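Enquirer: One structure, pasted below without further comment.
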Amino acid sequence: MAERLAADGLVLLHLAFIVFVALGGLLAAWRPRLAWLHLAAAAWGAWIEAAGAICPLTPWENRLRRAAGESGYPGGFVEHYLIPLVYPPGLDSAQQRWLALGVVLMNLAVYFGVVLPAVHRKRKRSGKR
């Protein structure tokens, strides 16, 4: 029972990380000190996607599921949980690289369109340059 709850908790953590990778730049506009954390997370997320690698949380979740008497699953978190919800079957590595590029471009747009102007406005209000 504890192993299953831990595996489910890892799924939630994994999903929260993916949301943070995609939308964390908006948090950085609110709290600019979060930018360093978000940029590292976005770089990791883009690399995992572009390389077709499996996040270390996935094998950990599978081990916990097997320990709980369940079966693990092949592939990674994205393939198992998100692709069936969002993408049609048969997502290939070229499409994954496009997704990675989309993550990078979306975050660049957020940083240049939202974060940097917010930081500039805060500095201007406080009288700093």
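Enquirer: Would you call residue 61 open to solvent by 30 Å² or more (accessible area, probe 1.4 Å), acidic (Asp, Glu), in contact with a helix residue (DSSP H, G or I) (Cβ under 7 Å, 6 or more places away or on another chain) and part of a helix (DSSP H, G or I)?
Expert: Judged against the criteria, residue 61 is not a match.
Enquirer: Could you run through segment 24-38 and say how many residues are open to solvent by 90 Å² or more (accessible area, probe 1.4 Å) and farther than 17 Å from residue 121 by Cβ?
Expert: 1
Enquirer: Going through segment 89-116 one residue at a time, which ones are without any contact (Cβ under 8 Å) to a residue 12 or more places away in the chain and open to solvent by less than 60 Å² (accessible area, probe 1.4 Å)?
Expert: Passing the criteria: 94, 102, 113.
Enquirer: For residue 79, indicate whether it is surrounded by 13 or more Cβ atoms within 10 Å (Cβ to Cβ), in a loop (DSSP other than H, G, I, E, B) and at pLDDT below 80.
Expert: No, not satisfied.
The values are calculated or read from the model by the stated rules, or taken from the named source; none is laboratory data. What you are looking at is a predicted structure, and each value in this text was computed from that prediction instead of being measured. Methodologically, a virtual Cβ is constructed for each residue, glycine included, from the backbone with ideal geometry; neighbour enumeration extends over all protein chains shown. Surface areas here come from the heavy atoms of the whole protein model, side chains and all, with no ligands, DNA or RNA. Shrake-Rupley method; radii C 1.70, N 1.55, O 1.52, S 1.80 Å.
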